[in-house]
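S.K.: The structure that follows is given in the form of structure tokens.
The values are calculated or read from the model by the stated rules, or taken from the named source; none is laboratory data. These figures come from a predicted structure and were not determined experimentally. Positions of Cβ are generated from backbone atoms using ideal geometry, with glycine treated the same way; all protein chains shown enter the neighbour counts. Side chains are part of the model used for accessible areas, which takes the heavy atoms of the whole protein and leaves out ligands, DNA and RNA. Shrake-Rupley method; radii C 1.70, N 1.55, O 1.52, S 1.80 Å.
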Amino acid sequence: MRRINSIYGRIGLFKRISEKSTKQSHTFLASHSFSTHGGYGGDGELQQNNSKVKIFDRDLKRIHRDRAAWLSSRHKNNSFVDAVADNLLDRLEDCKKSFPTALCLGGSIGAVKRLIRGRGGIEKLIMMDTSYDMIKSCRDADEDSLGNSIETSYLVGDEEFLPIKESSVDLIISSLGLHWTNDLPGSMIQCKLALKPDGLFLAAILGGETLKELRIACTLAHMEREGGISPRLSPLAQVRDAGNLLTRAGFSLPGVDVDEYVVKYKSALDLIEHLRAMGETNGLLERNKILNRETALATAAIYDSMFATEDGTIPATFQVIYMTGWREHSSHQQAKRRGSATVSFRDLHKQFGGQSES
């Protein structure tokens, strides 16, 4: 499986959202990390739809996706999003089987469409997003990257209420989209049901270490200027709970791994522009709708003073959790029946334990 090997290897550039400026606004870097601190849902933080407690404003996120569609049509190069999608799709190259029918859920569907390049033996591809504008932008994009062999259809739908028949697709891909659902386990259960037996689920979501620099700067600025804090950044899943989410959804052979990406920006404003272009701005239901100008300026100043590098840029960390799961099938490896072991731990200790004692 191919990985991004360079710890601080230059991958690409992202231009500022400005018609007059043509200067590079940030540089994309990549590194690897694994974190087991924190939790998501284990102590009741994750709320399901039927609990009447919702974290995210899904209507607002749809508006954010509409805006992202317009911004992406003007600035098509997004190195971070492309790197995540390409890394996720790399997992198809490790599978010997083909997936004739695939469903691509909202998030970076445009990047998935461009980079799939025949991987997975896909013959029919369904592109789904909550935003009609995003679907239209994706449909109007250049079709050359798909090739003539892939039949593509487009669907406006919500990941929380998946409009897909049970056992109807061989592969489900979600790149940077599911972390905005109020009921993440429920959405993953729907994905599992939509898969055919031996179908594959691939997802990349943002993890809890994402934008840790901005979280610190924003918290300090709110305490300094307003005497308290208000939620500006959404809660995200932690690494240790990703495997539990796959198991809870009923996937077999679950797999989880993590990449950490560092994107370098000229200023905090460039970071905000990038988040808008990805549709990743604040979507909390219980959010403060007014951002004090002095607080915003203080956030940018604190960010620069605490995290600026020698070259004058500021780094932003994006932790991406990759999840892999299969719908159960008779061909999958099964655990042995409890008590069926023919060798005891005492025998193993006698054989190997004595060798380690010296």
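S.K.: Considering each residue of region 195-242, count those that are hydroxyl-bearing (Ser, Thr, Tyr) and at pLDDT 85 or above, and give that number.
M.R.: 2
S.K.: Could you count how many residues in region 236-257 are open to solvent by less than 40 Å² (accessible area, probe 1.4 Å) and among the hydroxyl-bearing types (Ser, Thr, Tyr)?
M.R.: Qualifying residue count for the region: 1.
S.K.: May I ask you to list the residues in region 168-183 that are more than 19 Å from residue 86 (Cα to Cα) and out of contact with any Leu (no Cβ under 6 Å at 6 or more places or on another chain)?
M.R.: 168, 170, 180, 181, 182, 183
S.K.: Do the conditions hold for residue 283, that is, is it closer than 28 Å to residue 180 by Cα, modelled with pLDDT of 90 or more and surrounded by 13 or more Cβ atoms within 10 Å (Cβ to Cβ)?
M.R.: For residue 283, the condition - closer than 28 Å to residue 180 by Cα, modelled with pLDDT of 90 or more and surrounded by 13 or more Cβ atoms within 10 Å (Cβ to Cβ) - is not met.
S.K.: Against the definition (aliphatic (A, V, I, L, M) and more than 21 Å from the chain's Cα centre (by Cα)), how does residue 216 come out, yes or no?
M.R.: Against the criterion (aliphatic (A, V, I, L, M) and more than 21 Å from the chain's Cα centre (by Cα)), residue 216 qualifies.
S.K.: Inside region 121-140, can you point out the residues that are modelled with pLDDT under 90 and in contact with a helix residue (DSSP H, G or I) (Cβ under 7 Å, 6 or more places away or on another chain)?
M.R.: Within region 121-140, 137, 138 qualify.
S.K.: Right, next: Do we have any residue at all in region 195-209 that's without any contact (Cβ under 8 Å) to a residue 60 or more places away in the chain and closer than 17 Å to residue 327 by Cβ?
M.R.: No: zero hits.
S.K.: Quick test of your reading of the structure: residue 265 fulfils all but one of (1) within 19 Å of residue 322 (Cα to Cα); (2) open to solvent by less than 10 Å² (accessible area, probe 1.4 Å). Name the failing condition by number.
M.R.: Here residue 265 clears every test but (1).
S.K.: Show the residue pairs that are 6+ apart or on different chains and have beta-carbon atoms under 9 Å apart, the first residue being within region 301-315 and surrounded by 13 or more Cβ atoms within 10 Å (Cβ to Cβ), the second being among the aromatic types (Phe, Trp, Tyr).
M.R.: 313/265; 314/265; 314/303; 314/307; 315/265; 315/307
S.K.: Out of everything in region 178-205 that is among the aliphatic types (A, V, I, L, M) and open to solvent by 10 Å² or more (accessible area, probe 1.4 Å), what residue ends up being farthest from the chain's Cα centre (by Cα)?
M.R.: Here the residue is 193.
S.K.: Residues of region 230-279 being of a type outside the set (Ser, Thr, Tyr), outside any helix (DSSP H, G or I) and under 14 Å from the mean Cα position of the chain (by Cα), which ones?
M.R.: Residues satisfying the conditions are 235, 236, 237, 238, 256, 257, 258, 259, 260, 279.
S.K.: Next up: Can you confirm whether residue 233 is in contact with a Lys or Arg (Cβ under 7 Å, 6 or more places away or on another chain), open to solvent by 30 Å² or more (accessible area, probe 1.4 Å), on the phi < 0 side of the Ramachandran plot and not acidic (Asp, Glu)?
M.R.: Yes; evaluated as a whole, the condition is true for this residue.
S.K.: Within region 206-230, work out how many residues are of a type outside the set (Gly, Ala, Ser) and open to solvent by less than 40 Å² (accessible area, probe 1.4 Å).
M.R.: 7
S.K.: Restricting to region 215-265, count the residues that are in contact with an Asp or Glu (Cβ under 6 Å, 6 or more places away or on another chain) and among the acidic types (Asp, Glu).
M.R.: 0
S.K.: Every residue in region 81-140 that is within 19 Å of the chain's Cα centre (by Cα), polar (S, T, N, Q) and under 24 Å from residue 161 (Cα atoms), please.
M.R.: Scanning region 81-140 gives 108, 130, 131.
S.K.: In addition: Would region 77-92 turn up any residue that is basic (Lys, Arg), modelled with pLDDT under 90 and surrounded by 14 or more Cβ atoms within 10 Å (Cβ to Cβ)?
M.R.: Scanning region 77-92 turns up no residue that is basic (Lys, Arg), modelled with pLDDT under 90 and surrounded by 14 or more Cβ atoms within 10 Å (Cβ to Cβ).
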